[in-house]
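Step one of this worksheet: look at the structure below.
The values are calculated or read from the model by the stated rules, or taken from the named source; none is laboratory data. Computed from a prediction, not measured in an experiment: that's the story for all the values here. Don't worry about glycine lacking a Cβ; one is built from the backbone with ideal geometry, like all the others, and counts go over all protein chains shown.
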Amino acid sequence: MDHFRLLVRSGKELGAYQKKEIKELCRLAFKEEEGGYPDPSLSDGIHFVGKRGLGLLISHCMVVDRSFSIGGKGSFTMACPTALATHPDYRGRGYGRMTVMEVCRYYEGAGYDLIMMTTEETRWFESLGWIRWKGPLALDEPRSGLSPFSRPVPMIYRLSKTPPISLRDDLTVVCKGGVAV
Ligand SMILES: CC(C)(COP(=O)(O)OP(=O)(O)OC[C@H]1O[C@@H](n2cnc3c(N)ncnc32)[C@H](O)[C@@H]1OP(=O)(O)O)[C@@H](O)C(=O)NCCC(=O)NCCS
């Protein structure tokens, strides 16, 4: 735990070896679930890379930029974490929690309006202050247009700039390119 450090890198800064390492970690963590997570080696996004000791990769999270509107109104900034993974040999030691908390701290500091992700690990995220989204959600993508989404389970993390939204509001996530939430 003492030698754990989290590096923050844009996808464009990652070299081919680092991308391969991240992909392998996600393959192990998600048990090769096809389509269970977006390709973490894509250039889109900011990568939180957790290293231990001399540089062993043990945790990762990729965060992509989105915007959202409430009831069709406004345009607010949103950070969407995805491909969150701790190496199976290092689970339950707080590395995943430290990685997610760093993501939240980073986007609070960057002045974002909200963090949202979809996950099966609802209890784990609830223990870190995340809340299940209960209202209608739509994804607005350039190719497919507007489509509803609700799976696995959408969860939000409020930041100090989060506008006054209720958990049952009608929220549209706008995806300009790259991977969906
Ligand atoms: C979810 C995941 C990232 C958690 O990583 P981790 O490093 O094991 O988590 P932590 O050790 O930081 O967990 C902190 C606490 O949650 C508990 N915990 C760990 N996994 C849990 C789970 N699946 N459900 C509930 N609690 C869990 C730990 O025991 C620990 O509790 P404690 O503080 O009381 O001891 C990891 O299990 C993983 O990689 N899963 C596969 C990929 C995945 O599903 N990612 C999330 C969606 S993108």
Of everything in the range 76-90, what is hydroxyl-bearing (Ser, Thr, Tyr), modelled with pLDDT of 95 or more and surrounded by fewer than 23 Cβ atoms within 10 Å (Cβ to Cβ)? Give them in sequence order. Thr77, Tyr90
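Considering only residues that are of a type in the set (D, E, K, R), more than 17 Å from the chain's Cα centre (by Cα) and modelled with pLDDT under 90, which ones fall in the range 27-63?
Matches in the range 27-63: Lys31, Glu32, Glu33, Glu34.
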Can you pull out every residue in the range 135-165 that is farther than 11 Å from Leu114 by Cα and aromatic (Phe, Trp, Tyr)? Phe149
Checking Arg158, Arg97, Arg168 in turn, the sole residue that is surrounded by fewer than 13 Cβ atoms within 10 Å (Cβ to Cβ) and either within 8 Å of the ligand (Cβ to nearest atom) or farther than 29 Å from Lys19 by Cβ (or both) turns out to be Arg168
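Within the bounds of the range 64-84, is there any residue that is under 25 Å from Arg5 (Cβ atoms), within 16 Å of the ligand (Cβ to nearest atom), over 18 Å from the mean Cα position of the chain (by Cα) and in contact (Cβ under 8 Å) with a residue 40 or more places away in the chain?
For the range 64-84, residues under 25 Å from Arg5 (Cβ atoms), within 16 Å of the ligand (Cβ to nearest atom), over 18 Å from the mean Cα position of the chain (by Cα) and in contact (Cβ under 8 Å) with a residue 40 or more places away in the chain: absent.
With the requirement that a residue be within 7 Å of the ligand (Cβ to nearest atom), more than 12 Å from the chain's Cα centre (by Cα) and touching a residue at least 40 places away in the same chain (Cβ under 8 Å), what does the range 100-141 give you? Full working, then the answer.
Step one: filter the range 100-141 for residues within 7 Å of the ligand (Cβ to nearest atom), giving 117, 119-121, 123-124, 127.
Those left that are additionally more than 12 Å from the chain's Cα centre (by Cα): 120-121, 123-124, 127.
Result: no residue meets the conditions.
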Answer yes or no: is there a residue in the range 115-124 that is in a loop (DSSP other than H, G, I, E, B), at pLDDT 95 or above and in contact with a helix residue (DSSP H, G or I) (Cβ under 8 Å, 6 or more places away or on another chain). no
Which listed residue, of Pro152, Pro88, Pro163, is within 16 Å of the ligand (Cβ to nearest atom), touching an Asp or Glu at 6+ places or on another chain (Cβ under 9 Å) and not small (Gly, Ala, Ser): Pro152
